[in-house]
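See below for the structure under consideration.
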Amino acid sequence: MRRILVLIGLLASLWGGLYLGAQAATPPPPVRWVTDGSSLLSPSMKDTLDQRLRAYQAGTGHQVLVWIGEGTGGDPLEDWTVRAFAAWKVGRKGLDDGLVLFVFTGDQKVRLEVGYGLEGQMPDILASQIIRETILPRLKAGDADGAPE
């Protein structure tokens, strides 16, 4: 019986290691408010958004980022964005008042990840509405610069 339990434990740890190894790597924390690894935005829009988000953070303390990349590497969207949000430590420590707009051009997915400290101002239903009614229609219409505004 003991051998079976040891074998089960060994297999479980091996399975867990394989699962963790299969996760797509989390990119390093952004160094700007707007990171566009897919060149979706025009350079002028990227600079304009960067300035707006920097000013917003200076005025409110809330950190809002835009991160654009190709895809999640096969990981579920929510798993990838939650992992990146936590790894990057978005928002102020203790307040968790950050927000990241994730746009994956290759996967054609969009998600707003909101810290607990901003959920009163940006509940999930509002985030979903913004994505459905503003961001996605603009992206589909070819207005990438208008999508994150």
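Here, each number is a calculation from the coordinates, and none is a lab measurement. All of these numbers come straight from a predicted model, not from anything done at the bench. Virtual Cβ from ideal backbone geometry, glycine too; neighbours counted across all protein chains shown.
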Original post:
For the range 22-93, what value does the Rg/Rh ratio take when both radii are computed over Cα atoms and Rh is the Kirkwood radius, given to two decimals?
Top reply: 0.99
Subject >> Cβ-placed point charges (K, R +1; D, E -1), dipole of the range 89-128 about Cα centre in debye, nearest 20 >> reply: 160
Original post:
Tell me, what does the Kirkwood hydrodynamic radius of the range 94-134 come to in angstroms if you use every pair of distinct C-alpha atoms?
Top reply: 10.8
Original post:
Can you give the convex hull volume per residue for the Cα atoms of the range 65-131, as a whole number of Å³?
Top reply: 78
**OP:** Could you work out the Kirkwood radius for the range 28-67, taking every pair of different alpha carbons, averaging 1/r and inverting it, reported in Å?
**Re:** 10.4
**OP:** For Ile130, put the label point 7 Å out on the Cα→Cβ axis and report which residues of the range 51-80 keep their amide N under 20 Å from it.
**Re:** 51-69, 77-80
**OP:** Work out the FRET efficiency for Lys109 and Arg32 from their Cβ-Cβ distance, taking R0 = 25 Å, and round it to the nearest 0.05.
**Re:** 0.70
**OP:** Set the Förster radius R0 to 25 Å, insert the Cβ-Cβ distance between Ala58 and Lys93 as r into 1/(1 + (r/R0)^6), and round the FRET efficiency to 0.05.
**Re:** 0.90
Subject >> Under 20 Å from Lys109, Cα to Cα: aspartates and glutamates that are on another chain or at least 8 residues apart >> reply: Asp36, Glu70, Asp75, Glu78, Asp79, Asp124, Glu133, Asp143, Asp145, Glu149
Original post:
At Gln51 and Leu77, where each label point lies 7 Å from the Cα along Cα→Cβ, what is the point-to-point distance in nanometres?
Top reply: 3.2
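I need the peptides 68-76, 119-127 ranked by packing, meaning the mean over residues of other C-beta atoms within 10 angstrom, with the highest value on top.
The packing order, highest mean first, is 68-76, 119-127.
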**OP:** Averaging over all projection directions, find the projected area of the Cα convex hull of the range 22-149 and quote it in nm² with one decimal place.
**Re:** 7.5
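If the chain between Ser39 and Gln121 were fully stretched, how many nm would it gain, using 0.36 nm times the residue separation less the Cα-Cα distance? Mind showing how you got there, number by number?
On the way: separation 82, 0.36 × 82 = 29.52 nm, distance 2.99 nm.
That works out to 26.5 nm of additional length.
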